[in-house]
Ligand SMILES: [Zn+2]
C-alpha cells in the first residue's frame, strides 16, 4: 500500500510538476483581479496599502545604511536606496509598551500614560507588579484612522508588551498576538492579504527577533562572533550587570553584541523574503513601507546593557526607512525627527486627515526637501526614578527626576555622549528653556485628555502575557 502511494506521488511529481510552478502565477493574477474588482467599486485607483514594520530593539547605529561597519543589513541598505532614509529619528521612550503607544497615537508618553507605575517591570513592589497601565480607550490609533477610511487592517505581533490586552488591537480587523517572529508574521500577512477582497490595507507588524536574550542559532550566530563566551543575557544576569553587582568583561559584551548583530542579519534576510513575495504578488508598486523600531539597545556604552536603564542615543536613536509610491528614491534626510511623526506622515501619504490633534507632524515636507530643520525631540521613562530628555538636534539635555540631576551633551562634537557640558551656564539655560517648552506642551495635551486626579484604568496581566514577558526576560 505504502509502495503504491509512493509510486503515485512520484508519478504526480513527474507529470504535474508545472502545477507547483504555476501556483504563484495563478495567485498573483487572482489577487490582481480581486484588487481591480474591489478597487473600482470603492477606491480611486492607486490608493496605496501601508505596511508599518516595527522591529523591537533595533538600534539605528547597528545598520549598514546608518554607517555600521559590519554587514548586518545588506537587504535593508538596498531598500533604503529605493526610498527615503531618515538619519536621526528619536524614540519617545526606551521600552516597548509606551514606545508603541507613542508610535501608534502620535502622542508623548506623559499624555497617553501607557507607561508603568505598578507594571511587571517595577520589581520594587512584587505584590503590585501584575497590574499594568494600558493605552486607554480615549486615545485613537493610526489603525482606527485607516479603518475609518475604509482600509482593511491587520496587526501582527508576538504578544509581550505589544499584546492586545494593553489596548493595541483597537482599529484592527485582525490582531494576532501569537504571530511569532518576522518570518511567521510575514507569512501570516501574505495569507491574510490573499484572502482580502482587494480593499487597500494597513498592516502593522511588531517582531521581537533581535530582542535579548539574542538569537543564538546557526548560521547567524557565527557571522560576527569571534569568540564564544558563556554568558546569556537572561533576566538575572541583566539585572546583576545593570545594578553593578556583576562586572562584565569586554569579551562578553563583544560576544553579546555579535549575537545581536547576527539577529539583525536574520531579520534582514526575512525582510528580503517578505519583499520578494510582495513583488511576486504585484503589491510592491502600490504599497508604502515604513520600517522602524520602538527603541534601540545598549552594550555598556554608559554602564548598562539592554534598553530600559537610560535615555542615551544607543537606546533612543532608531531607524526610519520609507519607500513606496510617491516617495522619492535615494534621499537621506539629515534633520532630526521623531517616532511620533510616523503616524501623521503615513496618513498624509495616503491623503488622510486624522480627526484629532497629534503631537507629531507629517514629514512630507522633509521627504520633498522643502524643510530641512531639526524637530525638537522629547523622550521620557518612568523607570529608574523617572528620566526625561530633550534634544534639539545638536544638544541634548537629560534630567534625572529622582536625583534632580541634569546632564547636557554636544552631539555634534561628542556623538557618544561622554562629556557632560552642563556647567556651561548659557547653554544650560537655553536647553532648560527647551525642556520647559516641551514639558508645557505635554501638560496642555494631558489636560485635554485627563481630568485632574483621574485614576487610570489598570489591567491585571493575564498568565499568557506574563509567560511571554518572562521569555523576553522582563519577569523573574
Ligand atoms: Zn521594545
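Over 22 Å apart: what share of the alpha carbon pairs of the range 159-264 falls there, rounded to a whole percent? When every Cα pair of the range 159-264 is considered, 49 percent fall beyond 22 Å. Protection proxy ranking for 75-87, 99-111, 430-442, 285-297, using the average of other Cβ atoms within 10 Å per residue and placing the highest first: 99-111, 285-297, 75-87, 430-442. Rounded, prolate or oblate: which fits the range 363-468 when a ≥ b ≥ c are the square roots of the eigenvalues of the alpha-carbon gyration tensor, with rounded for a/c under 1.5 and prolate only if a/b beats b/c? Cα axes put the range 363-468 in the prolate bin.
I want to verify the translational diffusion coefficient of the range 224-316 in µm²/s; compute it with Stokes-Einstein, Rh as the Kirkwood radius over Cα pairs, at 4 °C and 1.567 mPa s. Using the Kirkwood radius from Cα pairs, D works out to 83 µm²/s.
Helix 17-42 axis versus longest C-alpha principal axis of the chain: approximately 60°, rounded to the nearest ten. Angle of helix 250-280 to the longest C-alpha principal axis of the chain, folded into 0 to 90 degrees and rounded to 10: 40°. Taking the fewest neighbouring Cβ atoms within 10 Å as the starting point, the ordered list for 447, 265 is 447, 265.
Rounded to the nearest 10 degrees, the inclination of helix 2-15 to the longest alpha-carbon principal axis of the chain is 90 degrees.
Among 211-218, 462-469, the peptide with the highest mean count of other Cβ atoms within 10 Å heads the list, and the full ranking is 211-218, 462-469. From helices alone, the chain scores -11500 deg cm²/dmol at 222 nm; the rule is -39500 (n - 2.57) for each run of n ≥ 4 DSSP H residues, then divide by the residue total. Per Stokes-Einstein, at 20 °C and 1.002 mPa s, what whole-number D in µm² s⁻¹ belongs to the chain, with the Kirkwood radius over Cα pairs as the hydrodynamic radius? Approximately 91 µm²/s, per Stokes-Einstein.
Which of 307, 302 comes first, and how do the rest follow, when ranked by fewest Cβ neighbours within 10 Å? Sorted ascending by nearby Cβ count, the order is 302, 307.
From most to least packed by mean Cβ count within 10 Å, the peptides 333-343, 380-390 give 333-343, 380-390. A straight line joining the Cα centroids of the range 171-202 and the range 77-92 runs 24 Å.
Since every read-out is calculated from the coordinates, none of them should be taken as a lab result. None of the values given here were measured: they were computed from a predicted structure. FYI the Cβ positions are ideal-geometry reconstructions off the backbone, even for glycines, and counts take in every protein chain you see.
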